[in-house]
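One structure below.
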Amino acid sequence: MRLTWIVLIFLLTGCSKAEQIPSLPGDGVILAFGDSITYGTGAAAGESYPAVLEQLAGRKVVNGGVPGEVTAEGVQRLPGLLEQLKPAVVIICEGGNDMLRHTAHGEISANLRTMVRLVKERGASAVLVSVPALDLSFAPPPFYAEIAEEAGIPCDKKTLTRILTKRSLKSDPIHPNAAGYRKLAEGLAKLLHERGAI
């Protein structure tokens with residue numbers, strides 16, 4: 001019994017350490033990578049979550065959002081941005097357009113795993129944002145949390161769901177408004193702070 005507790009404690013502390021992010025230097029770059037939610041559809045340019053996160057984090061945040069993008073396209077686009085920007089942290093928020101097109105969850109999760117692998121191979125830290133299913137449940141598919149656990153990376157599992165289930169924080173059924181993007185930026189800033197990045 002004692003051995004079981006020791007193993008459990010080791011595993012728990014191991015997971016905790018795996019999810020830490022190295023402290024970002026003052027000139028460290030954060031790449032916000034994703035689709036229209038990252039781009040900021042539904043709000044003015046200075047109100048997107050990357051723009052607000054830049055203010056909160058005190059670091060340069062590059063908006064790498066492309067409206068309408070699916071994860072297969074993201075896999076193709078990500079390497080070029082990693083090469084060009086050499087970010088220290090990459091926040092991945094994709095999958096909503098795949099779900100709208102009824103793409104198989106296995107395909108979406110495989111593409112997200114590839115993105116996380118590409119980021120880690122470049123020596124950067126990856127952060128995953130769970131995107132809720134755009135149906136009556138608005139529950140994020142479990143593969144977001146599974147990928148984060150497998151890769152030992154942080155995952156914001158709840159913020160986007162909370163935003164998209166509150167009418168006052170949305171510009172339309174699938175996009176936040178300025179207040180919603182601020183909430184997302186605040187949630188991610190809190191996560192980055194808790195993990196030691198900022």
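For the range 62-114, what is the convex hull volume of the alpha-carbon atoms per residue, in Å³?
Normalising the Cα hull of the range 62-114 by residue number yields 73 Å³.
Could you list, in their original order, any pairs among Lys86/Lys166; Lys86/Lys170; Lys120/Lys166; Lys60/Lys120 whose Cα atoms are separated by more than 28 Å?
In this structure, Lys86/Lys166; Lys86/Lys170; Lys120/Lys166 lie more than 28 Å apart at Cα.
At a Förster distance of 25 Å, what's the computed FRET efficiency of Glu186 paired with Lys166, Cβ-Cβ distance as r, to 0.05? Walk me through the numbers before you get to the answer.
Numbers: r = 14 Å, r/R0 = 0.57.
Calculated transfer efficiency: 0.95.
When the accessible area of the range 54-185 is split by element with a 1.4 Å probe, what percent falls to carbon and sulfur?
The computed percentage sits at 53.
Roughly how tilted is helix 2-18, in degrees to the nearest 10 and between 0 and 90, from the longest Cα axis of the chain?
Roughly 40 degrees, rounded to the nearest 10.
Have a look at Ala126, Ala44, Ala32 and tell me which one the Gaussian network model of the chain (Cα, springs below 10 Å) gives the largest fluctuation.
It is Ala44.
Which aspartates and glutamates have a Cα less than 19 Å from the Cα of Lys157, not counting those fewer than 8 places away in the same chain?
Glu19, Asp35, Glu94, Asp98, Asp135, Glu146, Glu149, Glu186, Glu194
Considering the chain as a Gaussian network with a 10 Å cut-off on Cα pairs, which listed residue, Leu85, Leu160, Leu24, attains the greatest mean-square fluctuation?
The residue that fluctuates most here is Leu85.
Once both axes come from the Cα atoms, what is the angle between helix 71-85 and the longest principal axis of the chain, in degrees from 0 to 90, rounded to 10?
On a 0 to 90 degree scale, this one is about 80.
Taking the Cα atoms of the chain, what is the range of coordinates along each of the three principal axes, in descending order and whole Å?
54, 40, 32
For the range 29-128, max minus min Cα coordinate along each principal axis, in Å, sorted largest first?
Cα extents, longest axis first: 38, 33, 18 Å.
The values are calculated or read from the model by the stated rules, or taken from the named source; none is laboratory data. Every value quoted in this text rests on a predicted model; they were computed, and no experiment measured them. All Cβ positions, glycine included, derive from the backbone under ideal geometry; neighbour counts span all protein chains shown. Just the protein is used for accessible areas: all its heavy atoms, side chains included, with ligands, DNA and RNA removed. Shrake-Rupley method; radii C 1.70, N 1.55, O 1.52, S 1.80 Å.
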